Amino acid sequence: MTGRVLMAVALLFLLAFLASPESFAPLFEPFTRNNAPAIYTQTGLMSLTLSHLGLVLLAVIASTLIAVTLAILVTRPAGREFLPLARTVTSVGQTFPPVAVLALAVPVMGFGAGPTLVALFLYGLLPVFENALAGLTGQSPQVQEAARGMGLTPRQRLWQVELPLALPVILTGVRLTAVISLGTATIGSTVAAKTLGEVIIAGLLSSNTAFVLQGGMVVGIIAVLIYEGFQRLEQFAAARIGQG
Amino acid sequence: MIEIQNLTRIYGTTAVVKDVSLTVETGQIAALVGTSGSGKTTLLRMINRLVEPSAGRVLIDGKDTAEIEPHLLRRQIGYAIQGHGLFPHRTVAQNISTVPRLLGWTQDQHRARVDELLELFQMEPADFRDRMPHELSGGQQQRVGVARALAARPDLLLMDEPFGALDPVIRAKAQQDLRDIQRQLGTTLIIVTHDMEEAVTLGDRIAVMDKGELLQYGPPSEILTTPATSFVSDLIGTGDRPFRLLSLTPVAEIIAEGQAEGAEIPREASLRDALAECLWSGRDRLPVEGGGIVTLDSLRAQAAPTARAAE
(Lines give C-alpha, C1' and ligand atoms only; values in the text may rest on other atoms or scores of the structure.)
Protein backbone atom coordinates (compact mmCIF):
# COMPACT_ATOMS: atom_id res chain seq x y z
CA MET A 1 0.00 0.00 0.00
CA THR A 2 2.72 2.47 1.03
CA GLY A 3 4.59 1.34 -2.10
CA ARG A 4 1.64 2.32 -4.23
CA VAL A 5 1.33 5.74 -2.57
CA LEU A 6 5.07 6.36 -3.01
CA MET A 7 4.86 5.44 -6.69
CA ALA A 8 1.89 7.76 -7.19
CA VAL A 9 3.75 10.61 -5.47
CA ALA A 10 6.87 9.98 -7.57
CA LEU A 11 4.80 9.96 -10.76
CA LEU A 12 3.00 13.18 -9.85
CA PHE A 13 6.28 14.87 -8.94
CA LEU A 14 7.84 13.78 -12.23
CA LEU A 15 4.87 15.00 -14.29
CA ALA A 16 4.79 18.33 -12.47
CA PHE A 17 8.53 18.78 -12.95
CA LEU A 18 8.37 17.98 -16.66
CA ALA A 19 5.30 20.17 -17.23
CA SER A 20 6.87 23.20 -15.62
CA PRO A 21 10.57 22.81 -14.79
CA GLU A 22 10.99 26.52 -14.09
CA SER A 23 8.81 26.39 -10.99
CA PHE A 24 11.27 23.91 -9.47
CA ALA A 25 14.23 26.24 -10.00
CA PRO A 26 14.57 27.15 -6.28
CA LEU A 27 15.09 23.45 -5.57
CA PHE A 28 18.14 23.29 -7.84
CA GLU A 29 19.61 26.75 -7.23
CA PRO A 30 21.80 25.61 -4.29
CA PHE A 31 23.65 23.35 -6.74
CA THR A 32 24.62 26.09 -9.20
CA ARG A 33 27.64 28.38 -9.01
CA ASN A 34 28.34 31.84 -10.39
CA ASN A 35 24.65 32.48 -11.14
CA ALA A 36 24.50 29.75 -13.72
CA PRO A 37 20.94 28.77 -14.73
CA ALA A 38 19.36 26.20 -12.38
CA ILE A 39 17.17 24.56 -15.02
CA TYR A 40 18.29 23.25 -18.42
CA THR A 41 16.41 25.16 -21.12
CA GLN A 42 18.41 24.46 -24.28
CA THR A 43 15.88 21.81 -25.22
CA GLY A 44 12.57 21.23 -23.41
CA LEU A 45 12.91 18.58 -20.71
CA MET A 46 9.54 17.11 -21.71
CA SER A 47 10.56 16.62 -25.32
CA LEU A 48 13.93 15.13 -24.26
CA THR A 49 12.13 12.72 -21.93
CA LEU A 50 9.69 11.65 -24.63
CA SER A 51 12.40 11.03 -27.20
CA HIS A 52 14.49 9.21 -24.56
CA LEU A 53 11.52 6.96 -23.78
CA GLY A 54 10.81 6.46 -27.48
CA LEU A 55 14.37 5.25 -28.12
CA VAL A 56 14.27 2.89 -25.16
CA LEU A 57 10.85 1.56 -26.16
CA LEU A 58 11.98 0.83 -29.71
CA ALA A 59 15.18 -0.85 -28.55
CA VAL A 60 13.40 -2.96 -25.93
CA ILE A 61 10.73 -4.09 -28.39
CA ALA A 62 13.42 -5.05 -30.89
CA SER A 63 15.57 -6.94 -28.35
CA THR A 64 12.50 -8.70 -26.93
CA LEU A 65 11.25 -9.82 -30.33
CA ILE A 66 14.64 -11.08 -31.45
CA ALA A 67 15.65 -12.63 -28.12
CA VAL A 68 12.33 -14.44 -27.62
CA THR A 69 12.32 -15.68 -31.22
CA LEU A 70 15.88 -16.91 -30.76
CA ALA A 71 14.98 -18.66 -27.50
CA ILE A 72 12.01 -20.35 -29.19
CA LEU A 73 14.15 -21.51 -32.10
CA VAL A 74 16.89 -23.03 -29.97
CA THR A 75 14.40 -24.87 -27.76
CA ARG A 76 12.76 -26.65 -30.75
CA PRO A 77 14.14 -30.08 -31.60
CA ALA A 78 15.52 -28.80 -34.93
CA GLY A 79 17.28 -25.79 -33.40
CA ARG A 80 18.77 -27.34 -30.30
CA GLU A 81 22.28 -27.52 -31.72
CA PHE A 82 22.31 -23.74 -32.18
CA LEU A 83 21.85 -23.14 -28.47
CA PRO A 84 25.57 -22.63 -27.68
CA LEU A 85 25.92 -20.26 -30.64
CA ALA A 86 22.90 -18.20 -29.60
CA ARG A 87 24.26 -18.02 -26.05
CA THR A 88 27.60 -16.74 -27.34
CA VAL A 89 26.01 -14.10 -29.58
CA THR A 90 23.79 -12.69 -26.84
CA SER A 91 26.60 -12.76 -24.28
CA VAL A 92 28.90 -10.86 -26.61
CA GLY A 93 26.11 -8.31 -27.08
CA GLN A 94 26.11 -7.84 -23.33
CA THR A 95 29.88 -7.74 -22.78
CA PHE A 96 30.63 -5.37 -25.61
CA PRO A 97 30.48 -1.89 -24.02
CA PRO A 98 27.71 0.29 -25.49
CA VAL A 99 30.21 3.13 -25.82
CA ALA A 100 32.32 0.97 -28.11
CA VAL A 101 29.23 0.09 -30.15
CA LEU A 102 28.54 3.79 -30.54
CA ALA A 103 32.11 4.42 -31.65
CA LEU A 104 31.90 1.66 -34.23
CA ALA A 105 28.41 2.47 -35.43
CA VAL A 106 28.80 6.22 -35.95
CA PRO A 107 31.14 5.95 -38.98
CA VAL A 108 28.63 3.57 -40.59
CA MET A 109 25.33 5.13 -39.57
CA GLY A 110 26.29 8.73 -38.88
CA PHE A 111 25.33 10.77 -35.84
CA GLY A 112 21.83 10.61 -34.33
CA ALA A 113 19.49 8.01 -32.94
CA GLY A 114 20.67 5.09 -35.11
CA PRO A 115 23.89 4.09 -33.30
CA THR A 116 22.17 4.45 -29.91
CA LEU A 117 19.38 2.13 -31.00
CA VAL A 118 21.91 -0.48 -32.13
CA ALA A 119 23.85 -0.23 -28.87
CA LEU A 120 20.71 -0.54 -26.73
CA PHE A 121 19.36 -3.39 -28.83
CA LEU A 122 22.57 -5.44 -28.48
CA TYR A 123 22.86 -4.63 -24.81
CA GLY A 124 19.29 -5.72 -24.12
CA LEU A 125 19.35 -9.09 -25.85
CA LEU A 126 20.93 -11.18 -23.11
CA PRO A 127 18.52 -10.67 -20.18
CA VAL A 128 15.47 -11.42 -22.33
CA PHE A 129 17.12 -14.35 -24.08
CA GLU A 130 18.36 -16.03 -20.90
CA ASN A 131 15.02 -15.57 -19.17
CA ALA A 132 13.01 -16.77 -22.15
CA LEU A 133 15.28 -19.81 -22.30
CA ALA A 134 14.75 -20.51 -18.61
CA GLY A 135 11.00 -20.02 -18.97
CA LEU A 136 10.70 -22.31 -21.98
CA THR A 137 12.90 -25.11 -20.67
CA GLY A 138 11.87 -25.10 -17.03
CA GLN A 139 8.32 -26.27 -17.54
CA SER A 140 6.53 -29.11 -15.83
CA PRO A 141 7.18 -32.32 -17.79
CA GLN A 142 3.68 -33.54 -16.92
CA VAL A 143 2.09 -30.53 -18.55
CA GLN A 144 4.20 -31.06 -21.68
CA GLU A 145 3.36 -34.74 -21.71
CA ALA A 146 -0.35 -34.02 -21.31
CA ALA A 147 -0.28 -31.45 -24.11
CA ARG A 148 1.42 -33.91 -26.43
CA GLY A 149 -0.81 -36.79 -25.35
CA MET A 150 -3.96 -34.84 -26.11
CA GLY A 151 -2.91 -34.17 -29.66
CA LEU A 152 -1.74 -30.56 -29.67
CA THR A 153 0.60 -29.96 -32.60
CA PRO A 154 4.06 -28.55 -31.81
CA ARG A 155 2.88 -25.09 -32.85
CA GLN A 156 -0.23 -25.30 -30.69
CA ARG A 157 1.89 -26.43 -27.76
CA LEU A 158 4.15 -23.42 -28.21
CA TRP A 159 1.39 -20.82 -28.41
CA GLN A 160 -1.17 -22.33 -26.08
CA VAL A 161 1.04 -23.86 -23.40
CA GLU A 162 4.74 -23.04 -23.45
CA LEU A 163 4.67 -19.29 -24.10
CA PRO A 164 1.82 -18.49 -21.68
CA LEU A 165 3.59 -20.49 -18.98
CA ALA A 166 6.93 -18.82 -19.68
CA LEU A 167 5.40 -15.33 -19.74
CA PRO A 168 6.16 -14.28 -16.14
CA VAL A 169 9.84 -15.21 -16.51
CA ILE A 170 10.08 -13.52 -19.92
CA LEU A 171 8.56 -10.36 -18.44
CA THR A 172 11.28 -10.36 -15.78
CA GLY A 173 13.86 -10.35 -18.56
CA VAL A 174 12.11 -7.50 -20.35
CA ARG A 175 12.02 -5.54 -17.10
CA LEU A 176 15.78 -5.91 -16.63
CA THR A 177 16.41 -4.89 -20.23
CA ALA A 178 14.10 -1.88 -19.97
CA VAL A 179 15.74 -0.58 -16.81
CA ILE A 180 19.27 -1.13 -18.13
CA SER A 181 18.41 0.54 -21.45
CA LEU A 182 16.85 3.49 -19.71
CA GLY A 183 20.14 4.29 -17.99
CA THR A 184 22.36 3.35 -20.90
CA ALA A 185 20.41 5.52 -23.36
CA THR A 186 21.87 8.63 -21.73
CA ILE A 187 25.23 8.02 -23.42
CA GLY A 188 23.44 8.30 -26.77
CA SER A 189 23.65 12.05 -26.42
CA THR A 190 27.39 11.87 -26.98
CA VAL A 191 26.57 11.01 -30.60
CA ALA A 192 23.72 13.52 -30.89
CA ALA A 193 20.76 11.29 -30.09
CA LYS A 194 18.06 13.28 -28.31
CA THR A 195 18.04 11.80 -24.81
CA LEU A 196 18.13 13.00 -21.23
CA GLY A 197 21.87 12.42 -21.41
CA GLU A 198 22.03 15.83 -23.10
CA VAL A 199 21.15 17.52 -19.80
CA ILE A 200 23.69 15.48 -17.87
CA ILE A 201 26.46 16.06 -20.40
CA ALA A 202 25.70 19.79 -20.50
CA GLY A 203 25.98 19.83 -16.73
CA LEU A 204 29.28 17.98 -16.78
CA LEU A 205 30.76 20.27 -19.45
CA SER A 206 29.75 23.46 -17.65
CA SER A 207 30.37 22.13 -14.14
CA ASN A 208 26.70 22.73 -13.38
CA THR A 209 25.68 20.09 -10.81
CA ALA A 210 22.05 21.20 -11.03
CA PHE A 211 21.83 19.98 -14.66
CA VAL A 212 23.45 16.65 -13.82
CA LEU A 213 21.04 16.21 -10.92
CA GLN A 214 17.87 16.99 -12.84
CA GLY A 215 18.84 14.74 -15.75
CA GLY A 216 19.72 11.90 -13.42
CA MET A 217 16.61 12.45 -11.36
CA VAL A 218 14.21 12.15 -14.29
CA VAL A 219 15.93 8.99 -15.56
CA GLY A 220 15.99 7.54 -12.04
CA ILE A 221 12.32 8.15 -11.30
CA ILE A 222 11.26 6.70 -14.65
CA ALA A 223 13.43 3.64 -14.04
CA VAL A 224 11.83 3.02 -10.66
CA LEU A 225 8.32 3.47 -12.09
CA ILE A 226 8.98 1.08 -14.96
CA TYR A 227 10.53 -1.45 -12.60
CA GLU A 228 7.50 -1.36 -10.34
CA GLY A 229 5.06 -1.44 -13.23
CA PHE A 230 6.68 -4.55 -14.68
CA GLN A 231 6.70 -6.25 -11.31
CA ARG A 232 2.95 -5.74 -11.08
CA LEU A 233 2.56 -7.27 -14.54
CA GLU A 234 4.73 -10.24 -13.60
CA GLN A 235 2.78 -10.84 -10.40
CA PHE A 236 -0.45 -10.73 -12.36
CA ALA A 237 0.86 -13.14 -14.97
CA ALA A 238 2.25 -15.49 -12.31
CA ALA A 239 -0.98 -15.44 -10.30
CA ARG A 240 -2.89 -16.46 -13.42
CA ILE A 241 -0.89 -19.67 -13.64
CA GLY A 242 -1.08 -20.38 -9.94
CA GLN A 243 2.38 -19.27 -8.91
CA GLY A 244 1.27 -16.08 -7.20
CA MET B 1 -10.75 -53.92 -29.77
CA ILE B 2 -7.09 -53.07 -29.32
CA GLU B 3 -4.59 -55.49 -30.81
CA ILE B 4 -0.94 -55.08 -29.89
CA GLN B 5 1.16 -57.18 -32.21
CA ASN B 6 4.84 -58.00 -31.57
CA LEU B 7 5.52 -54.51 -30.28
CA THR B 8 9.19 -53.75 -29.61
CA ARG B 9 10.99 -50.60 -28.63
CA ILE B 10 14.75 -50.38 -28.64
CA TYR B 11 16.77 -47.51 -27.15
CA GLY B 12 20.38 -47.77 -28.26
CA THR B 13 21.10 -51.45 -27.80
CA THR B 14 18.60 -52.21 -25.02
CA ALA B 15 15.09 -53.39 -25.77
CA VAL B 16 12.76 -51.59 -23.34
CA VAL B 17 9.78 -53.50 -24.70
CA LYS B 18 10.42 -56.91 -26.26
CA ASP B 19 7.99 -58.46 -28.70
CA VAL B 20 4.82 -57.90 -26.69
CA SER B 21 1.49 -59.05 -28.11
CA LEU B 22 -1.86 -58.75 -26.39
CA THR B 23 -5.48 -58.00 -27.19
CA VAL B 24 -7.91 -55.90 -25.19
CA GLU B 25 -11.59 -56.45 -25.96
CA THR B 26 -13.87 -53.45 -26.41
CA GLY B 27 -15.25 -52.19 -23.10
CA GLN B 28 -12.71 -54.04 -20.99
CA ILE B 29 -10.10 -52.77 -18.57
CA ALA B 30 -6.56 -54.06 -19.03
CA ALA B 31 -4.06 -53.30 -16.27
CA LEU B 32 -0.35 -53.29 -17.13
CA VAL B 33 1.56 -54.15 -13.98
CA GLY B 34 5.27 -54.25 -13.33
CA THR B 35 8.08 -52.67 -11.36
CA SER B 36 9.64 -49.43 -12.57
CA GLY B 37 11.71 -50.05 -15.67
CA SER B 38 9.55 -52.98 -16.71
CA GLY B 39 8.55 -51.23 -19.93
CA LYS B 40 4.86 -50.87 -19.04
CA THR B 41 4.77 -47.10 -19.54
CA THR B 42 6.70 -47.35 -22.82
CA LEU B 43 4.21 -49.97 -24.01
CA LEU B 44 1.32 -47.65 -23.14
CA ARG B 45 2.95 -44.67 -24.84
CA MET B 46 3.43 -46.65 -28.03
CA ILE B 47 -0.34 -47.05 -28.30
CA ASN B 48 -0.87 -43.32 -28.86
CA ARG B 49 2.53 -42.98 -30.50
CA LEU B 50 4.12 -40.73 -27.90
CA VAL B 51 6.84 -43.32 -28.43
CA GLU B 52 7.26 -44.75 -31.91
CA PRO B 53 7.59 -48.55 -31.95
CA SER B 54 10.85 -49.97 -33.27
CA ALA B 55 8.92 -52.97 -34.57
CA GLY B 56 5.42 -54.38 -34.44
CA ARG B 57 2.12 -52.60 -34.71
CA VAL B 58 -1.01 -51.54 -32.89
CA LEU B 59 -4.46 -52.02 -34.38
CA ILE B 60 -7.46 -50.16 -33.04
CA ASP B 61 -10.65 -51.78 -34.30
CA GLY B 62 -8.59 -53.30 -37.05
CA LYS B 63 -7.00 -50.03 -38.17
CA ASP B 64 -3.22 -49.69 -38.02
CA THR B 65 -2.33 -46.65 -35.89
CA ALA B 66 0.85 -46.09 -37.90
CA GLU B 67 -1.34 -44.88 -40.77
CA ILE B 68 -2.83 -41.98 -38.79
CA GLU B 69 -1.03 -38.66 -38.15
CA PRO B 70 0.18 -38.87 -34.51
CA HIS B 71 -1.59 -35.71 -33.32
CA LEU B 72 -4.85 -36.78 -34.99
CA LEU B 73 -4.55 -40.25 -33.49
CA ARG B 74 -4.01 -38.79 -30.02
CA ARG B 75 -7.15 -36.67 -30.27
CA GLN B 76 -9.16 -39.89 -30.62
CA ILE B 77 -7.56 -41.52 -27.59
CA GLY B 78 -8.07 -40.32 -24.03
CA TYR B 79 -4.86 -39.89 -22.04
CA ALA B 80 -4.54 -39.28 -18.31
CA ILE B 81 -1.26 -39.28 -16.40
CA GLN B 82 0.09 -39.25 -12.88
CA GLY B 83 0.06 -35.79 -11.39
CA HIS B 84 -2.82 -34.94 -13.78
CA GLY B 85 -0.79 -32.52 -16.01
CA LEU B 86 -3.55 -29.91 -16.01
CA PHE B 87 -2.71 -26.63 -17.77
CA PRO B 88 -2.08 -24.28 -14.84
CA HIS B 89 -3.02 -21.16 -16.83
CA ARG B 90 -6.41 -22.44 -17.89
CA THR B 91 -9.69 -22.84 -16.02
CA VAL B 92 -11.21 -26.21 -15.27
CA ALA B 93 -13.66 -25.76 -18.17
CA GLN B 94 -10.90 -24.77 -20.60
CA ASN B 95 -8.80 -27.72 -19.50
CA ILE B 96 -11.63 -30.20 -19.97
CA SER B 97 -12.60 -28.81 -23.36
CA THR B 98 -9.04 -28.97 -24.74
CA VAL B 99 -9.60 -31.86 -27.15
CA PRO B 100 -13.17 -30.90 -28.15
CA ARG B 101 -11.83 -27.49 -29.15
CA LEU B 102 -8.99 -29.08 -31.11
CA LEU B 103 -11.63 -31.14 -32.89
CA GLY B 104 -13.59 -28.01 -33.72
CA TRP B 105 -16.69 -28.56 -31.63
CA THR B 106 -18.94 -25.52 -31.33
CA GLN B 107 -18.88 -23.52 -28.14
CA ASP B 108 -22.34 -24.78 -27.13
CA GLN B 109 -21.23 -28.35 -27.64
CA HIS B 110 -18.12 -28.17 -25.54
CA ARG B 111 -19.75 -26.12 -22.81
CA ALA B 112 -22.50 -28.70 -22.48
CA ARG B 113 -19.89 -31.46 -22.44
CA VAL B 114 -17.91 -29.77 -19.66
CA ASP B 115 -20.99 -29.50 -17.45
CA GLU B 116 -21.96 -33.08 -18.20
CA LEU B 117 -18.51 -34.37 -17.21
CA LEU B 118 -18.26 -32.25 -14.08
CA GLU B 119 -21.59 -33.69 -12.96
CA LEU B 120 -20.43 -37.20 -13.80
CA PHE B 121 -17.43 -36.64 -11.51
CA GLN B 122 -19.64 -35.15 -8.78
CA MET B 123 -18.33 -31.62 -9.07
CA GLU B 124 -20.97 -28.87 -9.19
CA PRO B 125 -20.44 -27.21 -12.62
CA ALA B 126 -21.41 -23.71 -11.51
CA ASP B 127 -18.93 -23.96 -8.67
CA PHE B 128 -15.98 -25.58 -10.45
CA ARG B 129 -16.18 -24.53 -14.11
CA ASP B 130 -14.26 -21.27 -13.72
CA ARG B 131 -11.75 -22.33 -11.08
CA MET B 132 -8.06 -22.56 -11.82
CA PRO B 133 -6.33 -25.92 -11.27
CA HIS B 134 -4.34 -24.62 -8.30
CA GLU B 135 -7.61 -23.85 -6.55
CA LEU B 136 -8.56 -27.55 -6.48
CA SER B 137 -7.64 -30.32 -4.05
CA GLY B 138 -5.44 -33.20 -5.24
CA GLY B 139 -8.45 -35.48 -5.68
CA GLN B 140 -10.36 -32.86 -7.64
CA GLN B 141 -7.38 -32.17 -9.90
CA GLN B 142 -7.13 -35.86 -10.62
CA ARG B 143 -10.85 -36.05 -11.48
CA VAL B 144 -10.56 -33.06 -13.80
CA GLY B 145 -7.58 -34.79 -15.43
CA VAL B 146 -9.67 -37.86 -16.14
CA ALA B 147 -12.65 -35.75 -17.23
CA ARG B 148 -10.36 -33.96 -19.69
CA ALA B 149 -9.20 -37.31 -21.06
CA LEU B 150 -12.84 -38.37 -21.58
CA ALA B 151 -14.04 -35.05 -23.01
CA ALA B 152 -14.19 -35.98 -26.69
CA ARG B 153 -15.90 -39.32 -25.93
CA PRO B 154 -12.91 -41.47 -26.89
CA ASP B 155 -13.50 -45.19 -27.31
CA LEU B 156 -10.12 -45.86 -25.78
CA LEU B 157 -8.65 -44.33 -22.65
CA LEU B 158 -4.99 -44.71 -21.64
CA MET B 159 -3.99 -43.99 -18.05
CA ASP B 160 -0.47 -43.91 -16.65
CA GLU B 161 -0.52 -44.30 -12.86
CA PRO B 162 -3.44 -41.87 -12.67
CA PHE B 163 -3.90 -42.38 -8.94
CA GLY B 164 -0.21 -42.42 -8.01
CA ALA B 165 -0.27 -38.99 -6.37
CA LEU B 166 -3.40 -39.55 -4.28
CA ASP B 167 -3.57 -40.58 -0.65
CA PRO B 168 -4.98 -44.09 0.00
CA VAL B 169 -8.48 -43.03 1.06
CA ILE B 170 -9.09 -40.80 -1.96
CA ARG B 171 -7.42 -43.35 -4.18
CA ALA B 172 -9.87 -46.13 -3.27
CA LYS B 173 -12.78 -43.80 -4.01
CA ALA B 174 -11.22 -42.65 -7.28
CA GLN B 175 -10.74 -46.26 -8.40
CA GLN B 176 -14.35 -47.09 -7.58
CA ASP B 177 -15.58 -44.01 -9.47
CA LEU B 178 -13.41 -44.80 -12.46
CA ARG B 179 -14.74 -48.36 -12.55
CA ASP B 180 -18.35 -47.10 -12.42
CA ILE B 181 -17.81 -44.46 -15.07
CA GLN B 182 -16.00 -46.90 -17.34
CA ARG B 183 -18.88 -49.38 -17.06
CA GLN B 184 -21.38 -46.63 -17.73
CA LEU B 185 -19.58 -45.29 -20.82
CA GLY B 186 -18.32 -48.62 -22.14
CA THR B 187 -14.87 -47.13 -22.77
CA THR B 188 -11.99 -49.52 -23.33
CA LEU B 189 -9.35 -48.71 -20.74
CA ILE B 190 -5.68 -49.55 -20.51
CA ILE B 191 -4.12 -48.54 -17.23
CA VAL B 192 -0.50 -48.70 -16.10
CA THR B 193 0.15 -49.33 -12.42
CA HIS B 194 2.87 -50.69 -10.18
CA ASP B 195 0.27 -51.65 -7.59
CA MET B 196 -1.06 -55.21 -7.91
CA GLU B 197 -3.94 -54.33 -5.58
CA GLU B 198 -5.05 -51.62 -8.00
CA ALA B 199 -4.66 -53.99 -10.96
CA VAL B 200 -6.83 -56.64 -9.27
CA THR B 201 -9.43 -54.07 -8.25
CA LEU B 202 -9.76 -52.50 -11.69
CA GLY B 203 -8.59 -54.97 -14.29
CA ASP B 204 -10.69 -57.38 -16.33
CA ARG B 205 -7.34 -58.56 -17.60
CA ILE B 206 -3.93 -58.09 -16.04
CA ALA B 207 -0.69 -58.00 -18.00
CA VAL B 208 2.40 -58.55 -15.89
CA MET B 209 5.59 -57.13 -17.36
CA ASP B 210 9.22 -57.44 -16.34
CA LYS B 211 12.36 -56.24 -18.13
CA GLY B 212 10.38 -55.42 -21.24
CA GLU B 213 8.75 -58.80 -21.55
CA LEU B 214 5.15 -59.78 -21.07
CA LEU B 215 5.22 -62.58 -18.48
CA GLN B 216 1.54 -63.31 -18.16
CA TYR B 217 -1.73 -61.92 -19.47
CA GLY B 218 -5.04 -63.12 -18.09
CA PRO B 219 -7.99 -62.45 -15.80
CA PRO B 220 -7.10 -61.50 -12.19
CA SER B 221 -8.20 -64.87 -10.79
CA GLU B 222 -5.82 -66.65 -13.16
CA ILE B 223 -2.92 -64.38 -12.28
CA LEU B 224 -3.59 -64.95 -8.58
CA THR B 225 -4.13 -68.71 -8.65
CA THR B 226 -1.67 -69.80 -11.32
CA PRO B 227 1.13 -67.27 -11.58
CA ALA B 228 3.29 -68.03 -14.62
CA THR B 229 6.65 -67.27 -13.02
CA SER B 230 8.11 -66.64 -9.60
CA PHE B 231 8.29 -62.94 -10.48
CA VAL B 232 4.52 -62.86 -10.90
CA SER B 233 3.94 -64.56 -7.54
CA ASP B 234 6.37 -62.14 -5.87
CA LEU B 235 4.41 -59.26 -7.33
CA ILE B 236 1.15 -60.65 -5.98
CA GLY B 237 2.64 -61.19 -2.53
CA THR B 238 1.79 -64.60 -1.07
CA GLY B 239 0.46 -63.14 2.19
CA ASP B 240 -2.33 -61.20 0.49
CA ARG B 241 -3.18 -63.79 -2.12
CA PRO B 242 -6.31 -65.33 -0.56
CA PHE B 243 -7.75 -61.93 0.28
CA ARG B 244 -7.19 -60.58 -3.22
CA LEU B 245 -8.85 -63.68 -4.61
CA LEU B 246 -11.85 -63.14 -2.35
CA SER B 247 -12.07 -59.49 -3.34
CA LEU B 248 -12.85 -60.50 -6.93
CA THR B 249 -16.25 -62.12 -6.23
CA PRO B 250 -19.40 -60.45 -4.91
CA VAL B 251 -21.37 -62.04 -2.10
CA ALA B 252 -24.34 -62.51 -4.44
CA GLU B 253 -22.56 -65.37 -6.22
CA ILE B 254 -22.28 -67.73 -3.24
CA ILE B 255 -25.55 -67.12 -1.39
CA ALA B 256 -26.88 -70.21 0.36
CA GLU B 257 -30.32 -70.94 1.84
CA GLY B 258 -30.70 -70.36 5.53
CA GLN B 259 -31.10 -67.98 8.40
CA ALA B 260 -28.51 -66.00 10.33
CA GLU B 261 -28.39 -63.48 13.13
CA GLY B 262 -27.05 -59.97 13.12
CA ALA B 263 -26.52 -57.15 10.62
CA GLU B 264 -27.08 -57.86 6.89
CA ILE B 265 -24.33 -57.54 4.30
CA PRO B 266 -25.08 -55.98 0.87
CA ARG B 267 -25.30 -58.36 -2.12
CA GLU B 268 -22.62 -56.45 -4.04
CA ALA B 269 -20.11 -56.54 -1.16
CA SER B 270 -17.05 -58.67 -1.95
CA LEU B 271 -16.28 -61.96 -0.28
CA ARG B 272 -13.32 -60.22 1.31
CA ASP B 273 -15.70 -57.79 3.01
CA ALA B 274 -17.85 -60.72 4.14
CA LEU B 275 -14.85 -62.54 5.60
CA ALA B 276 -13.74 -59.40 7.40
CA GLU B 277 -17.23 -58.98 8.82
CA CYS B 278 -17.31 -62.64 10.01
CA LEU B 279 -13.95 -62.32 11.75
CA TRP B 280 -14.71 -58.95 13.25
CA SER B 281 -18.14 -59.80 14.63
CA GLY B 282 -17.21 -63.39 15.59
CA ARG B 283 -20.04 -64.91 13.48
CA ASP B 284 -19.70 -67.93 11.19
CA ARG B 285 -22.64 -66.96 8.98
CA LEU B 286 -23.98 -63.63 7.76
CA PRO B 287 -27.45 -62.74 6.48
CA VAL B 288 -27.43 -61.17 3.02
CA GLU B 289 -29.66 -58.29 2.04
CA GLY B 290 -32.71 -59.58 0.17
CA GLY B 291 -32.50 -63.09 1.70
CA GLY B 292 -30.03 -65.97 2.04
CA ILE B 293 -26.76 -66.28 3.91
CA VAL B 294 -23.00 -66.59 3.40
CA THR B 295 -21.12 -69.00 5.60
CA LEU B 296 -17.55 -68.90 6.77
CA ASP B 297 -17.05 -72.38 5.27
CA SER B 298 -18.11 -71.25 1.80
CA LEU B 299 -15.78 -68.25 2.10
CA ARG B 300 -12.95 -70.54 3.11
CA ALA B 301 -13.59 -72.73 0.10
CA GLN B 302 -13.52 -69.73 -2.22
CA ALA B 303 -10.21 -68.49 -0.80
CA ALA B 304 -8.30 -71.60 -1.86
CA PRO B 305 -7.01 -71.74 -5.44
CA THR B 306 -8.01 -75.45 -5.76
CA ALA B 307 -11.66 -74.50 -5.51
CA ARG B 308 -11.25 -72.10 -8.44
CA ALA B 309 -9.35 -74.57 -10.54
CA ALA B 310 -12.13 -77.14 -10.15
CA GLU B 311 -14.79 -74.75 -11.47
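Counting just the residues of segment B:126-136 that are in a helix (DSSP H, G or I) and crowded, with 17+ Cβ neighbours inside 10 Å, which one comes out farthest from the other protein chains (Cβ to nearest Cβ)? Here the answer is B:Phe128. A:Gly151 satisfies every condition listed in (1) at positive phi; (2) more than 14 Å from every other protein chain (Cβ to nearest Cβ); (3) without any contact (Cβ under 8 Å) to a residue 60 or more places away in the chain except (2).
You will find that of A:Gly173, A:Gly216, the residue that is surrounded by fewer than 18 Cβ atoms within 10 Å (Cβ to Cβ) and more than 14 Å from chain B (Cβ to nearest Cβ) is A:Gly216 and no other. Can you work out which of the residues in segment B:137-152 that are away from chain A (no Cβ under 13 Å) and touching a Leu at 6+ places or on another chain (Cβ under 8 Å) is surrounded by the fewest Cβ atoms within 10 Å (Cβ to Cβ)? It comes out as B:Gly138.
When A:Leu163 is tested against (1) more than 13 Å from chain B (Cβ to nearest Cβ); (2) surrounded by fewer than 21 Cβ atoms within 10 Å (Cβ to Cβ); (3) not β-branched (Val, Ile, Thr), exactly one condition is not met: (1).
Scanning segment B:22-53 for residues that are under 22 Å from A:Ala147 (Cβ atoms) and β-branched (Val, Ile, Thr) turns up B:Thr41, B:Thr42, B:Ile47, B:Val51.
Quickly run through segment B:85-94 and pick out the residues that are facing another protein chain (nearest Cβ under 9 Å) and not charged (D, E, K, R).
Of segment B:85-94, the ones facing another protein chain (nearest Cβ under 9 Å) are B:85-90.
Once the filter is applied, which keeps residues that are facing another protein chain (nearest Cβ under 9 Å) and not charged (D, E, K, R), segment B:85-94 yields B:Gly85, B:Leu86, B:Phe87, B:Pro88, B:His89.
Taking strands (runs of 3 or more DSSP E) as the structural unit, those lying wholly within segment B:23-84 and holding at least 1 residues that are modelled with pLDDT of 90 or more and within 14 Å of another protein chain (Cβ to nearest Cβ) correspond to B:77-81.
For A:Ala210, are the conditions met, namely being more than 26 Å from A:Leu57 (Cα to Cα), buried (at least 16 other Cβ atoms within 10 Å of the Cβ) and more than 10 Å from every other protein chain (Cβ to nearest Cβ)? Explain how you work it out, then say what you get.
Working: more than 26 Å from A:Leu57 (Cα to Cα): yes; buried (at least 16 other Cβ atoms within 10 Å of the Cβ): yes; more than 10 Å from every other protein chain (Cβ to nearest Cβ): yes.
Spelling it out, A:Ala210 is indeed more than 26 Å from A:Leu57 (Cα to Cα), buried (at least 16 other Cβ atoms within 10 Å of the Cβ) and more than 10 Å from every other protein chain (Cβ to nearest Cβ).
Residues in segment A:189-234 that are outside any loop (DSSP other than H, G, I, E, B), among the polar types (S, T, N, Q) and touching a residue at least 40 places away in the same chain (Cβ under 8 Å): A:Thr190, A:Thr209, A:Gln214, A:Gln231.
For segment A:6-26, taking the residues that are of a type outside the set (Phe, Trp, Tyr) and in contact with a Phe, Trp or Tyr (Cβ under 9 Å, 6 or more places away or on another chain), the one that is farthest from A:Leu205 (Cα to Cα) is identified as A:Ala16.
The values are calculated or read from the model by the stated rules, or taken from the named source; none is laboratory data. Remember, predicted model here, so these are calculated numbers, not experimental data. As a convention, Cβ positions derive from the backbone with ideal geometry for all residues, glycine included, and neighbour counts pool all protein chains shown.
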